[in-house]
1. Please state which of the following conditions LYS122 fails to meet, knowing it meets all the rest: (1) closer than 23 Å to LYS71 by Cβ; (2) without any contact (Cβ under 8 Å) to a residue 12 or more places away in the chain; (3) open to solvent by 30 Å² or more (accessible area, probe 1.4 Å); (4) more than 20 Å from the chain's Cα centre (by Cα).
2. Among (1) modelled with pLDDT under 80; (2) within 24 Å of the chain's Cα centre (by Cα); (3) charged (D, E, K, R), where does GLU26 come up short?
3. For SER68, indicate whether it is of a type in the set (Ser, Thr, Tyr) and in contact (Cβ under 8 Å) with a residue 24 or more places away in the chain.
4. Counting only residues that are in contact (Cβ under 8 Å) with a residue 40 or more places away in the chain and either in contact with a His (Cβ under 8 Å, 6 or more places away or on another chain) or not in a helix (DSSP H, G or I) (or both), which one in region 134-154 is nearest to ASP85 (Cα to Cα)?
5. Residue check: is ALA131 among the small types (Gly, Ala, Ser), in contact (Cβ under 8 Å) with a residue 24 or more places away in the chain and either open to solvent by less than 80 Å² (accessible area, probe 1.4 Å) or out of contact with any Gly (no Cβ under 8 Å at 6 or more places or on another chain) (or both)?
6. Just the residues that are of a type in the set (Phe, Trp, Tyr) and within 17 Å of the chain's Cα centre (by Cα), please, taken from region 43-86.
7. Does PRO55 satisfy the condition of being open to solvent by less than 100 Å² (accessible area, probe 1.4 Å), part of a loop (DSSP other than H, G, I, E, B) and either under 30 Å from LEU168 (Cβ atoms) or at pLDDT 90 or above (or both)?
Amino acid sequence: MKSTLITLILLFTLVSCSGDHGGGYEFMPNMTQSVAYEAFASSSLTSDGKSMMQPVKGTISRGHMPYSYPKTFVGAQKAGVELSDPFPTTEHSLARGAHIFKTFCAVCHGVAGKGDGVIIPKFPQPPPLDANHIKAYPKGRLYHIITLGSVIMPSHAQQILPRDRWYLAQYIKENIHKK
C-alpha cells in the first residue's frame with residue numbers, strides 16, 4: 001500500500017513538472033494558445049464568413065459613456081431639466097473649472113465671459129455668458145452645450161472629460177453668472 005502511494009506521488013510529480021517551464025501538462029492547449037485570425041480574413045467559423053465580428057448590440061466602449069440627448073433646442077432643454085450635477089461644488093472643483101474655462105472657453109467667450117475673446121474679430125461673436133437668458137440655464141443645460149456644442153460652437157466632448165465639464169458648469173454658474 002505504501003509503495004503504491006509513493007509510486008503514484010512520484011508518477012504525478014514527473015507528469016506535472018516539465019523542464020521547459022511552460023506550466024507543465026496542458027489539459028486543453030487551445031484555451032491558452034488560441035489560433036490567431038487576421039481581422040479582415042475570411043473564416044469558416046462565423047455565419048457571415050468574416051473573422052472580425054460586430055460588437056454585441058448594446059455594447060459600450062471602455063471609457064465611453066453614452067449620451068442620449070440630441071443637439072437640438074429641445075434636447076438642450078431636456079438635458080437642463082433631467083441632468084443634475086453629480087459633484088459637489090468645492091474650491092477644488094471651481095479652481096479646476098476656472099482652469100478649463102481659461103484653456104478652452106476664454107479664446108471665444110473672453111476671460112470674463114463677455115463674448116470678447118481674442119479670436120472674435122475673425123469669428124462671429126458668441127453670446128455673453130452673463131446674459132440673462134444664459135444665467136437662467138441650469139448646470140445640466142450648460143453641460144449639454146459643452147458636450148455637444150450649440151449653433152456655431154463646436155462640441156468639446158473629445159477635449160474635456162465629463163467630470164471637468166461639470167466643473168466648468170459649476171465655474172460658470174458661480175463666477176460668471178453671479179457677477
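The values are calculated or read from the model by the stated rules, or taken from the named source; none is laboratory data. Since the model is a prediction, treat every value here as computed from it, not as a measurement. As a convention, Cβ positions derive from the backbone with ideal geometry for all residues, glycine included, and neighbour counts pool all protein chains shown. Areas reflect the complete protein model, heavy atoms only, side chains present, ligands, DNA and RNA absent. Shrake-Rupley method; radii C 1.70, N 1.55, O 1.52, S 1.80 Å.
1. The one condition LYS122 does not meet is (1).
2. All conditions are met except number (2).
3. So SER68 does not fit the description; no.
4. Ranking the candidates gives PRO138 first.
5. So ALA131 fails the test.
6. Once the filter is applied, which keeps residues that are of a type in the set (Phe, Trp, Tyr) and within 17 Å of the chain's Cα centre (by Cα), region 43-86 yields TYR67, TYR69.
7. On the way: open to solvent by less than 100 Å² (accessible area, probe 1.4 Å): yes; part of a loop (DSSP other than H, G, I, E, B): yes; either under 30 Å from LEU168 (Cβ atoms) or at pLDDT 90 or above (or both): no.
So PRO55 fails the test.
A quick yes/no check of all residues on (1) among the hydrophobic types (A, V, I, L, M, F, W, C); (2) part of a helix (DSSP H, G or I); (3) surrounded by 15 or more Cβ atoms within 10 Å (Cβ to Cβ):
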position	(1), (2), (3)
ALA95	yes, yes, no
ILE100	yes, yes, yes
CYS105	yes, yes, yes
ARG163	no, yes, no
LYS173	no, yes, yes
